[in-house]
Structure formats: C-alpha cells, structure tokens
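Q: The structure under discussion is supplied below as structure tokens; questions concerning it will follow.
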Amino acid sequence: MRKGFIYSILRKNLSLLLSIILLSLMVAFINIYFRNMERYLIDFVLAKNLEGFKRVFLTVLLISIVRIFLEYVKAFNLGKFAEKYMNELRLDIGKKLTKVNLEFIEKRATGDFISNLSNDLSLIQNFLNSSLGDIFYQPFVFIFGVILAFQISWKLTLFTFVIIPICIYLSIIISKPVEKYTKKQQDEYGNVNTLVQDTLSGITVIKAFNLKSEMVSLFDEKIKRAFKEGLRSARFEVILDPMKEIISLSPFIMMFLFGGRLVISGEISVGGIMAFIGLINIFIAPMNVLPNIINSYRKAKAALERIWEILSTEEERSGIINEYDPDCPYVVEFENVSFSYDGADYILKDVSFKIKKGEKVAIVGESGGGKSTIVKLILGLYKPTKGHIKVLGIDINEWNLSSLRGRISVANQDVYLFPESVEENIRYGNYNVDNKKIEEVSKKVLAYDFIISDLGGFDKEIGERALKISGGERQRIALARFLLKEADIFIMDEATSALDSDTEAQIQETLFEELKDKTLIVIAHRYSSIKFVDRILVIEDGKIVEDGTHEYLLKKKGVYYKLYSKQLGEVELGV
Ligand SMILES: Nc1ncnc2c1ncn2[C@@H]1O[C@H](COP(=O)(O)OP(=O)(O)O)[C@@H](O)[C@H]1O
Ligand SMILES: [Mg+2]
C-alpha cells in the first residue's frame, strides 16, 4: 500500500533532505541571533559604548556573509531536491504509459488527460518549490524566536501570546466577506476566460455563421457581471482595509504601551524592546504562511493521488513464449472470436478465419465494421472477449508480447513521426541496416525524392516541420519503416489512403513484389488496389460474411460485389 505523500518525499534523496533541514536550522538560528545582536547594538549606541558597538557590528557583518552562503546552499539543495523528485515522477509516468494497456491510453488520449496531468505535476512542483522550504524553516525560527523572547522578558512574551491570537482571529473574521466577493469575482472572470478560449477554438464557426455580435454581447454580459462583483468586493475592502490595518498594528501598539512601562521600570532595555518588536513579525509570519502551506499541501497531495492512480493501473499482461515454429502452416488463426471494447457492444461477432503462410489477404468492409480492431487483436493490443487467436501457431495469451510484435510489421493510416531525424524515423523498422539500405527502401516507396528536396535530407530533424509534412508523405515514410522491418507478418491498415491512386498502385506493386514470400494483410479502402491478393475477407457488422478471391466474390454478387461496384461507379462518375 501507499505510505502517503510525505513518505514518498522523504524516501527520495534522504541525505539531500537532511542537509536542507540542517541548513534551515542554521539559517533560522542566525536570523534570530541577529535580533539579539540588534538589541546589543541599540543598547551600546544608547550607552555610547563605541568599542562594544564596533565589536557587535563586525560580528553581525561576518555572520551575514556566512548566512548568505548558507541560504544559497539551502536554496540550491531545495531546488535540486524538487527537480529530482519531479524528474523521477515524470520518468515513472512515462515508463508506465508505455506499459499500460492500449485500452487505458485510448480511453484517455484526450487533451483533458494531458492538461490535467501537467496541471497535477505543476501543483506538486509548486508545493516542493514554495512550501517545502517553509515547512523546514518556520518551526525552527519559531522555536528560536520564543526562546529569545523569553530571554528578553517572560512577561512581555506571555503578554504577546495572548494578544497575537486575538488580533489574528479578529482579522480573519473581518476579511471573510471580502474573500467571498473576491471568490465570486474570480469565478466571473474565469467565465470570461473560458469564453475567450471557446471563441478561439470556435473561431471558424463564429465567422462562418456570423456569430460575431452574439459573441460580443455574451462577452459584454459576462464582463459586466464580473465588474459588479469586483465593485462589491472593492467597496468592502475600502472599509475593511483601515480596520485590518488597525488590527494588525495593535500588537505593536500594545507592545509599546506595556513594553514602554517595562523599559521605564528598568525591566527591559530599549534595545530589548526593539528586538522584541522584530520578533513579533517572526511570530506572525507562520500564521500567514501556514494556510498557504496547508492549501498547497492539500492540492499537491490530491494531484499526487491522481498520478498514483495512473502509476498503479494494470500493465499489459504478457505471456512468456518467444519461440515459434517458422514453418507453421497458419500464420494467423481466429477461432470464434468475439470482441467488445466496453463489455456491452460486440464489435466482432464469432469471427473465424485462417491465413496461411505467405498468403496475401485483403480485409474489406464499410468503415466501422471492425477491420482495425482485428489488427489490434493480432498485435495483442487487446485480448479477445471470447474465442481464441493464434499467431504463428501460438495462442495470443501465451506470446511474450514484445516478441510477438517483433514478428509483425504494421503501417497505419495515421502516421506518427518521432521528433527525430527522418533517417531515425525509418530506422525504427530495423536497427541493423546502413544508410544505403534506408535510402534504397525510401526509393521503393517513392519517398526518396521528397525527403531530399522537401525535407532537406535524411539527417534533418523532423521537429517543428512535422506539421508541414503532408499525410501522403507521412504514409510513405511509414511505409519505408514498414518495409524495412524483418517481420513474418506485414499488415497495412489503410496505409496508402492519403496517396493518389496512381502512386498507390505503383507502391503497392513494389510492396507485393518485395513481400512476395511474406504474409501480407491489407486493409484497403480502394478496391482497385487489392485485385492482386489471393483472398478477400469481407466484414460486415463485425462478422465475416464472405471469403474468397476477387473473381469468385464478384461472381457471387453478394456484399463484395455491391461494395466494389459502388466504388467503381463512384470512380467512373468522378465522385
Ligand atoms: N478504443 C475503442 N473504444 C471503443 N470503441 C472503439 C474503439 N476503437 C474502435 N471502436 C469502435 O469499434 C468499431 C469498429 O472500429 P474499427 O475496428 O476501427 O473499424 P474499421 O477499421 O473497420 O473502420 C467502431 O464502431 C468504433 O467506433
Ligand atoms: Mg480502420
């Protein structure tokens, strides 16, 4: 079980933490020591004792230099500690996200998830950067302060500890209503900000539908409301500010009254009372920072709990087998496979088929029929809800998933390019090839020319140019990666959808030639390009409704025939 936030902070880098605590203690001691020196300085001045004054002054100067050094090391160690903690956390999250089920990612791959996560991380960072230092420093300075206060005058100290809480209590009561209005005002401005964001994201709609004046009046209304709340809180503040000032000054005023008598009666020196007033600030400070610390601690704790939820999600379950019989007759076998993403709607229903080694198979069907889902199942990204899947003769549950995926090369419709060089993006297919091979493969998928001319060569970082690389160019880079991989099974899931039909046909011919001994599964959206396959599986509503060669299925005049002639018609009509 989790041991809690504090524990997780303490566990990491204990020695660094101890050094921060020790340094905080020293700095706190020096700060209080200065108050004490202040007392002597004043008393020596009043007594016209130049020798004593010089001595104390030099000591203070010297210790100031030491303090600067200690403060510096303390701040540095605190920063280092926070950085280390955050980096470990980020690394943990990053590692975890590569290991969780695809389901987890697909359910959360929204902007919200990312922005919540980065928001949570910055809440934790805020706590570490701003509050952690106070947590170590304030208790020490308070304790040393109390000790010195007692030394100066126990009567004055007791008096102070009665007065201060009363004043703090009064000032809290008084600022309550202002807080309420300030919060309301902030909420209203929040609404305005949301509206600005909505406007930005919906700007095309706003322009296209001529909603400008509607938006302006919406803005107007919201801003007026925020303004009204702002006025209300301002009105309160105008009255309350002087009152608050009086309250916060009253400990000092009382101190002068009570302390002055003690000075006159000779119980305290003038330096003593001056030093004591300095101490009052030190006693009040924790009361001011404490709510901030608690607030930032609570936020950070909640943020960390949400992150832990991510860190404790179940990882992809993998089997252990990574050996297989290269001569197994069937490369992919689906046996009565049914699959549902949510446990309610079945996307695949009782699907059975076998793909022989070296066979070229196309899977066709209306979009949403479940074709890509079949690919995800073959890759072991999801497990079948019912039935069995074997790949290269081994049940998908028994495969070591990285070995399994090592045997499969996939090219998808949407291509993600890593923010690295073009060459590296292609090399992910196979680390053991030289640059010549990469260029060769790129030529085969008609990527070479634009890589040289548009992208500026293979060694150029994709980085910021990623946006300028078109869908068709991306797909060709992905196909180079795809072809380079030394896999047994090659799967193209609408991998040429963004290419014009001539380029597609040309590349497809090359791919068929290159992969003639391999098993190839093509999910295609243009039927013209799949005539060459050995077999076509037609999927409709999650079921395999037809299975045969192109000619056979055309003659059969069933679902394939309909789909095919519909597209042919569209092509002829130029739709
Ligand atoms: N991660 C997912 N979670 C829930 N439903 C999904 C998910 N991915 C796909 N689907 C649904 O499953 C159905 C089949 O999708 P898919 O296999 O991508 O179809 P195809 O590739 O044939 O267009 C669609 O209705 C789609 O909305
Ligand atoms: Mg699909």
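The values are calculated or read from the model by the stated rules, or taken from the named source; none is laboratory data. Predicted model, so just to flag it, every value in this text is computed and none were measured. Note that each Cβ is placed from the backbone with ideal geometry, even for glycine, and that neighbours are counted across all protein chains shown.
Q: Does the stretch 60-69 contain any residue that is in contact (Cβ under 8 Å) with a residue 60 or more places away in the chain and in the same structural domain as L128 (by TED's automatic domain parsing)?
A: Checked the stretch 60-69: no residue is in contact (Cβ under 8 Å) with a residue 60 or more places away in the chain and in the same structural domain as L128 (by TED's automatic domain parsing).
Q: Sticking with this one: Check S529, S501 and return the single one that is of a type in the set (G, A, S), surrounded by 18 or more Cβ atoms within 10 Å (Cβ to Cβ) and more than 16 Å from ligand 1 (Cβ to nearest atom).
A: Within the list S529, S501, the selection yields S529.
Q: Continuing with the same structure: Which residues, taken from the stretch 527-560, are out of contact with any Lys or Arg (no Cβ under 8 Å at 6 or more places or on another chain) and among the aromatic types (F, W, Y)?
A: Y527, Y552, Y560
Q: Filter the stretch 399-412 down to the residues that are away from ligand 1 (no atom under 16 Å from the Cβ), of a type in the set (A, V, I, L, M) and in a strand (DSSP E or B) and list them by number.
A: Of the stretch 399-412, the ones away from ligand 1 (no atom under 16 Å from the Cβ) are 399-409.
Going one step further and asking which of them are of a type in the set (A, V, I, L, M), we end up with 401, 404, 408.
Selection gives I408 alone.
Q: Only one of G387, G343, G429 is assigned to a loop (DSSP other than H, G, I, E, B) and out of contact with any Leu (no Cβ under 7 Å at 6 or more places or on another chain). Can you tell me which?
A: None of the other options fit; the residue is G343.
Q: I'd like to verify a number: residues in the stretch 326-340 that are within 14 Å of T385 (Cα to Cα) and either in a strand (DSSP E or B) or aliphatic (A, V, I, L, M) (or both), how many?
A: Summing the residues that are within 14 Å of T385 (Cα to Cα) and either in a strand (DSSP E or B) or aliphatic (A, V, I, L, M) (or both) in the stretch 326-340 gives 6.
Q: Okay, next question. Only one residue in I438, I374, I396 is crowded, with 17+ Cβ neighbours inside 10 Å, away from ligand 1 (no atom under 12 Å from the Cβ) and assigned by TED's automatic domain parsing to the domain that holds H550, so which one is that?
A: Answer to the selection: I396.
Q: Let me ask you something else. Within the stretch 332-357, track down each residue that is buried (at least 20 other Cβ atoms within 10 Å of the Cβ), under 16 Å from G380 (Cα atoms) and away from ligand 2 (no atom under 16 Å from the Cβ).
A: The answer is V332, E333, F334, V337.
Q: Go through the stretch 209-247 and give me each residue that's hydroxyl-bearing (S, T, Y) and exposed (fewer than 15 other Cβ atoms within 10 Å of the Cβ).
A: Listed by number, the residues that qualify are S213, S217.
Q: Another question about this same structure. Give the number of residues within the stretch 107-132 that are touching a residue at least 12 places away in the same chain (Cβ under 8 Å) and either touching a Pro at 6+ places or on another chain (Cβ under 9 Å) or of a type outside the set (S, T, N, Q) (or both).
A: The first filter runs over the stretch 107-132 and keeps only residues touching a residue at least 12 places away in the same chain (Cβ under 8 Å), leaving 116-117, 119-121, 123-132.
Pick out the ones that are also either touching a Pro at 6+ places or on another chain (Cβ under 9 Å) or of a type outside the set (S, T, N, Q) (or both) and you get 117, 120-121, 123-124, 127-128, 132.
Here the count works out to 8.
Q: Here's another thing I want to ask about it. For the stretch 358-383, how many residues are within 11 Å of ligand 2 (Cβ to nearest atom) and among the acidic types (D, E)?
A: 1
Q: Here is a further query. For the stretch 311-325, state whether one or more residues are within 16 Å of ligand 1 (Cβ to nearest atom), part of a loop (DSSP other than H, G, I, E, B) and within 30 Å of L499 (Cβ to Cβ).
A: Among the residues of the stretch 311-325, not one is within 16 Å of ligand 1 (Cβ to nearest atom), part of a loop (DSSP other than H, G, I, E, B) and within 30 Å of L499 (Cβ to Cβ), which makes the answer no.
Q: If we keep just the residues of the stretch 413-426 that are out of contact with any helix residue (DSSP H, G or I) (no Cβ under 7 Å at 6 or more places or on another chain) and under 20 Å from D493 (Cα atoms), which is nearest to ligand 1 (Cβ to nearest atom)?
A: Within the stretch 413-426, the match that is nearest to ligand 1 (Cβ to nearest atom) is Q413.
Q: If a residue has to be within 7 Å of ligand 1 (Cβ to nearest atom) and surrounded by 18 or more Cβ atoms within 10 Å (Cβ to Cβ) to count, how many in the stretch 362-371 make the cut?
A: Selection size over the stretch 362-371: 4.
Q: In the stretch 87-130, how many are within 30 Å of N400 (Cα to Cα) and of a type in the set (S, T, Y)?
A: Summing the residues that are within 30 Å of N400 (Cα to Cα) and of a type in the set (S, T, Y) in the stretch 87-130 gives 2.
Q: Does Y40 satisfy being assigned to a helix (DSSP H, G or I), under 26 Å from I135 (Cα atoms) and out of contact with any strand residue (DSSP E or B) (no Cβ under 8 Å at 6 or more places or on another chain)?
A: No.
Q: How many residues does the stretch 84-125 contain that are charged (D, E, K, R), within 16 Å of ligand 1 (Cβ to nearest atom) and within 17 Å of E305 (Cβ to Cβ)?
A: 1
Q: Anything in the stretch 91-115 that is more than 17 Å from S312 (Cβ to Cβ) and not hydroxyl-bearing (S, T, Y)? List them, or say none.
A: Initially, the stretch 91-115 is screened for residues more than 17 Å from S312 (Cβ to Cβ), giving 102, 106, 109-112, 114-115.
Those that are more than 17 Å from S312 (Cβ to Cβ) and not hydroxyl-bearing (S, T, Y): L102, E106, A109, G111, D112, I114.
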